[in-house]
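The values are calculated or read from the model by the stated rules, or taken from the named source; none is laboratory data. Only a predicted model underlies this, so the values are computations on that prediction, with no experimental measurement involved. Quick reminder, even Gly has a Cβ in these numbers, built from the backbone with ideal geometry, and neighbours come from all protein chains shown. When the accessible area is computed, the model is the full protein with side chains, heavy atoms only, and any ligands, DNA or RNA have been set aside. Shrake-Rupley method; radii C 1.70, N 1.55, O 1.52, S 1.80 Å.
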Amino acid sequence: MMANKPEILVIHTSAPKVLPELEKRFVVHRPPEGGRDAFVAGIAERIRALVVSTFVGADAGLIGSLPNLEIVINGGGHYDSTDVDAVRARGLPMTYTPLVTTEDVADHVVSLLLHAARRMCEGDRFVRAGAWSHGPMSFGARVHGKKLGIVGLGHIGRAVARRAEAFDLDVSYNGPRRKDDVSYRYYADLAEMAAAVDFMAVTCGTAPETHHIVDRRVLQALGGEGLLVNVARRCVDQTALIAALKEGIIAGAGLDVFESEPDLPDALLAMGNVVLTPHMASAAFEAKQDQVDMILANLDAHFSGQPLPTPIP
Amino acid sequence: MKPDILLVEDISTALPILELLEPHYTVHVLPEDSEVPAAVAGRIRALVTTTNKGVDGALIDALPNLEMIANAGAHLDRIDLAAARARAIPVTYTPGISVAEVADLAFALLLSAARLTCEGDRYVRAGRWHDGMLRFGIRVNRKRLGIVGLGRIGRVVAKRARGFAMEVHYHEPNEMTDVAYRYHADLIELAGAVDFLVVTCTSGPETDGLINGRVLSALGSGGVLVNMARRAVDEAALIDALENGVIAGAALDTFAHEPRVPDALTTMENVVLQAHMGTKTWETKRAFAARTAANLDAHFAGAPLPDPVP
């Protein structure tokens, strides 16, 4: 039976649990670190499927070097790490794992907001340091009933809005266009929204037009009691944010993404009024399991001649 | 002539009440562990205290012309109500103000313990992100939440949970007819049926140590406990369960002997610890102060008291 197992090349996966499952079904090849091209050259003709991730994809050279490649399988909702044009030029199908983590990311957005407002990580440090015996912890800010502005009302933004409604938050949003199917208040101008809300959650996708849209001017509009939550890469000008936090232009922040992770500026690491999490908005083990299931479902469908569950659009 | 009132000092709650009272009253502040000066005692017509400080019978006796007691807080267990009643002195309080505040923190603590938020913050600040990713947390959305005590706070927690598409279960001595959540007459059965347990019952002899080792075993090794109810959790059993992986994690806002917290907890990774912060926001404190002042104002205007103790 071994001889009948299709051979696949796994470039990268952020869901290590997928590997034993893959090995049950396929002959799995994994290039050693640093020696990818030489390794691939030796097995290129045998490879029928390529597994990549949001973090490490496939370039045109790799795709071109696999003459019998039938499909590219991406683990993750974003697939810009792979040269999609090169895949298409070959007429190959490609799949990804969309929306697997949407709800988990939204959970973390609301969690970061609550943590920043109620000063929970600060409070946890306070108790662990034994400071409580010397006096009470200072107060936090109320969350329920206030105003939340969502930057980018995509899948994640909508999931955040549903949660926010359960906290009686008054939801508004900013984006390139008004959405007809929601009743939340729309602001075409981001600074105008920032001035009108207490909290702002940045959930927009990464695109040239959203690069650093949250800048000093927007933070000034958010104001001295305002809180910022960020789970979107490259949308927030980190230098402006650090200055705003230092100068009291805004009250605090909950941040899951950073420029040049995992290196964080010391200025941020030393701040008490921020919550810093290591890009873990989607890091629930059930989410990873869902991703594993979807990767396997796409591979199984391909090799049994069934329609692919989640091809890229 | 402004009425003279006595304010029992309570730095731990730091009520922003002085600025509300001083324009209308001559406020005498009673420092901690001190007695009312004899020269003042006879002039005091109202007493303002807090849930934390209360009023004992001796203080009431020391004030011959006391007309009312205003408690800035929802709990009355440190107020000698019998002594007040014996002199027909009305007592007011501020119920309901912090219900949603406590519920917000309860749900936030659930997210924190399940998704490792404060652990992640420690991880980043310690520079450990360079060594690789933090372990994965536990998904919250679409999971099963068990609420122990579906009172006013528990109901708001349930409402928050619905925003996360959670399935809500609860335990109470009696089934509630006005909610659609799943009822469990047996607490162990509830713990066995859910992923997370949030304890929001009132503190009292009947709930002392309610969450014991058996309940935690039923909750199980993937389970998370959140406690907002003083004394309802058997702290030794909880520490044991956390140390031995009987449950996955816990988030605690109250402790058996606070502000002392056992070292076993302060050194543990899989717990989130808060300094009894359920009600502690500026907005709540301002609301406590405003309601307390409103009750005083009503008394001295001869109007019905907005919040008399039933």
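Within the accessible surface of chain B, defined with a 1.4 Å probe on protein heavy atoms only, the carbon and sulfur portion equals 52 percent.
If R0 equals 60 Å, the separation of the Cβ atoms of A:ASP300 and B:HIS75 corresponds to a calculated FRET efficiency of about 0.50. Taking each residue as 0.36 nm, the span from A:ALA131 to A:LEU19 lengthens on full extension beyond its C-alpha to C-alpha distance by 35.7 nm. Between segment B:291-306 and segment B:240-274, the C-alpha centres lie 43 angstrom from each other.
With 10 Å² as the minimum drop in accessible area between chain alone and full protein complex (1.4 Å probe), the qualifying residues in segment B:152-172 are B:LYS159, B:ARG160, B:GLY163, B:PHE164. Taking 15 Å as the cut-off, no amide N atom of segment A:123-166 comes nearer than this to a point 7 Å along the Cα-to-beta-carbon line of B:GLU19. By accessible area, using a 1.4 Å probe on protein heavy atoms only, chain A has 51% of its surface on carbon and sulfur.
Tell me the label-point distance for the pair B:ARG286, B:VAL27, using the 7 Å Cα-to-Cβ offset, in nm and rounded to one decimal. Rounded to a tenth, the inter-label distance reads 1.6 nm.
Looking at the square roots a ≥ b ≥ c of the eigenvalues of the Cα gyration tensor of segment B:1-51, which shape do they give, rounded for a/c under 1.5, prolate if a/b is larger than b/c, or oblate? It comes out oblate by the Cα gyration axes.
Of the GluC sites (Glu not before Pro) found in segment B:197-278, those that fall in a DSSP loop while having at most 14 other beta-carbon atoms within 10 Å are B:GLU269. Each Cα pair under 8 Å and six or more residues apart adds its sequence gap; the mean of these over the residue count of segment B:138-260 is a relative contact order of 22 percent. Contact order, relative form, for segment A:218-313: 23 percent (alpha carbon pairs under 8 Å, 6 or more residues apart, mean separation divided by residue count). Put a dot 7 Å past the Cα of B:GLU269, heading toward its Cβ, do the same for A:ASN273, and the two dots end up 3.2 nm apart.
Chains A and B together bury roughly 5200 Å² of accessible area, counting both sides, with a 1.4 Å probe on protein heavy atoms only. Relative contact order for segment A:47-136: 24 percent, from Cα pairs under 8 Å spaced at least 6 residues apart, divided by residue count.
For segment B:140-157 versus segment A:21-90, the inter-centroid distance based on Cα atoms is 46 Å. The loop-placed GluC sites (Glu not before Pro) in segment A:196-294, going by DSSP, that have at most 12 neighbouring Cβ atoms within 10 Å of their Cβ come out as A:GLU247. Using the Cβ-Cβ distance between B:ASP297 and A:LEU99 with R0 set to 60 Å, the FRET efficiency works out to roughly 0.60. Taking trypsin sites (Lys or Arg not before Pro) across segment A:113-178, the ones in a DSSP loop with at most 14 further Cβ atoms lying within 10 angstrom of their Cβ are A:ARG177, A:ARG178. Working from label points 7 Å from Cα in the Cα-to-Cβ sense, the A:ILE242 to A:GLU70 distance is 5.1 nm. Using only the Cα atoms of segment A:35-89, each taken as one equal point scatterer with no solvent, compute I(q) by the Debye sum, divide by I(0), and report log10 of the ratio at q = 0.13, 0.15, 0.23, 0.29 Å⁻¹. Summing over Cα pairs of segment A:35-89 leads to -0.29, -0.38, -0.89, -1.28. Within a straight-line Cα-Cα reach of under 17 Å, A:LYS288 can be paired with the following lysines, leaving aside sequence neighbours fewer than 8 residues apart in one chain: A:LYS17, B:LYS143.
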